[in-house]
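This report refers to the structure that appears directly beneath it.
Values in this text are rule-based calculations from the coordinates and carry no lab data. Predicted model, so just to flag it, every value in this text is computed and none were measured. Note that each Cβ is placed from the backbone with ideal geometry, even for glycine, and that neighbours are counted across all protein chains shown.
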Amino acid sequence: MRAHLSLLTSRQCLFAVLFVVAAAIFAGCNAPNVITDNANVNDTTPADLPNTVDSVHLPYGNPSNAGANDKDNYLIVGEGSVISYNDGRGTANWIAWRTTRNDLGNSIPRPDFRHDPRLPAVFEPVEYYDYSGSDYDRGHLVPSADRFANKKLNRETFYLTNIMPQTPALNQKPWEKLESEIRSLVRARNGFDAYQIAGGYGSLPTKKGRLTAPTNCWKIVVLLPRGAKAAEINERTRIIAVDMPNIKGIEDRPWRSFSTTVRAIEEKTGYDLFSALPRELQDRLETRMEIKSP
């Protein structure tokens, strides 16, 4: 399933024309169809599948077939994550990343939020001050603490392409609690490597600038034994999936109360989240709900 993309406004149409011209000049005749940033190659990714991306962070398929020719489904393959960015919304559609014990490290000084330099100049990015007085936190998708071991990759978690407008009740409570539990599972003596993908869907009104806040924020976590290859995923692999409403008043709810299935998230978003896996394995993993305690 492909992502459902919104109609362009007149402003977006102008930028779309400029973007196509700029992309054609930049790309030349033989340029690749993605923007990369020293991306790690995952040699377990099936190379013959048309919607896969050569990155350790996205081994199970490109959920929305993001690429370089769509401003609202624009692919950035970075060293620390893979992003489908939506210029019309000013946020990511989804971000995928792998977290291992070697990524965690200890707390480091917090960098400033900044524009993502990997976006084309014709894009119209959200500004830092668009969040001020908006009633929304600058919510990380890739958590800063997932990248404490590498200052460069930690700085990238403060790119505004990695930020989603989230209510304080969501961002500071159940969303953060899940992030912390995943890191605990990764740190454990017999721990895991976590393959994560997160995003939002729906639209809520905001008070400032170009912000588009989602009605819901979702996350899927594939937990493999530490050091296992991504291709070792099987029907017994532990999958966590949550779909959390971006509203006030949920600060006291445990993250598990928002548990769902991968298939339910696919139905809400239009994405094909495990498209690189065999159909039978997809069906087993995508319809199973996490009930096990960490």
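By other beta-carbon atoms within 10 Å, ranking Leu281, Leu223 with the fewest at the front produces Leu281, Leu223.
Annotation: extensible slack from Leu104 through Glu251 equals 50.4 nm (criterion: 0.36 nm per residue apart, minus Cα-Cα distance). Judged by the ratio a/c of the largest to the smallest principal axis of the C-alpha gyration tensor, region 226-276 counts as oblate, that ratio being 1.5 or greater while a/b is no larger than b/c.
When each of Lys208, Lys71, Lys151 is scored by the number of other beta-carbon atoms lying within 10 Å, the sequence from fewest to most is Lys151, Lys208, Lys71. Residue separation times 0.36 nm, minus the C-alpha to C-alpha distance between Leu281 and Arg189: what's the value? Once the chain is fully extended between Leu281 and Arg189, it gains 30.3 nm. The Cα atoms of region 174-254 give a gyration tensor whose axes a ≥ b ≥ c have a/c of 1.5 or more with a/b greater than b/c, which makes the shape prolate. Region 167-210 and region 267-282 have their alpha-carbon centroids 21 Å apart. Positive contributions from Lys and Arg (+1) and negative ones from Asp and Glu (-1), summed over other residues with Cβ under 11 Å from the Cβ of Gly191, come out at +4.
Between Arg236 and Arg210, the modelled label-to-label distance comes to 4.9 nm, taking each label 7 Å out from Cα in the direction of the beta carbon. Net charge in the neighbourhood of Asp130 (other residues with Cβ under 9 Å of its Cβ; Lys, Arg +1, Asp, Glu -1) is +1. Each of Asp103, Asp252, Asp283 was scored by other Cβ atoms within 10 Å of its Cβ. Listed from fewest to most, they are Asp252, Asp283, Asp103.
The overall shape of region 117-183 is oblate: from the C-alpha gyration tensor, with semi-axes ordered a ≥ b ≥ c, the ratio a/c is 1.5 or greater and a/b is no larger than b/c. Listed by chain and number, the lysines whose C-alpha is less than 30 Å from the C-alpha of Lys71, apart from same-chain residues fewer than 8 away, are Lys151, Lys152, Lys207, Lys208, Lys219, Lys268.
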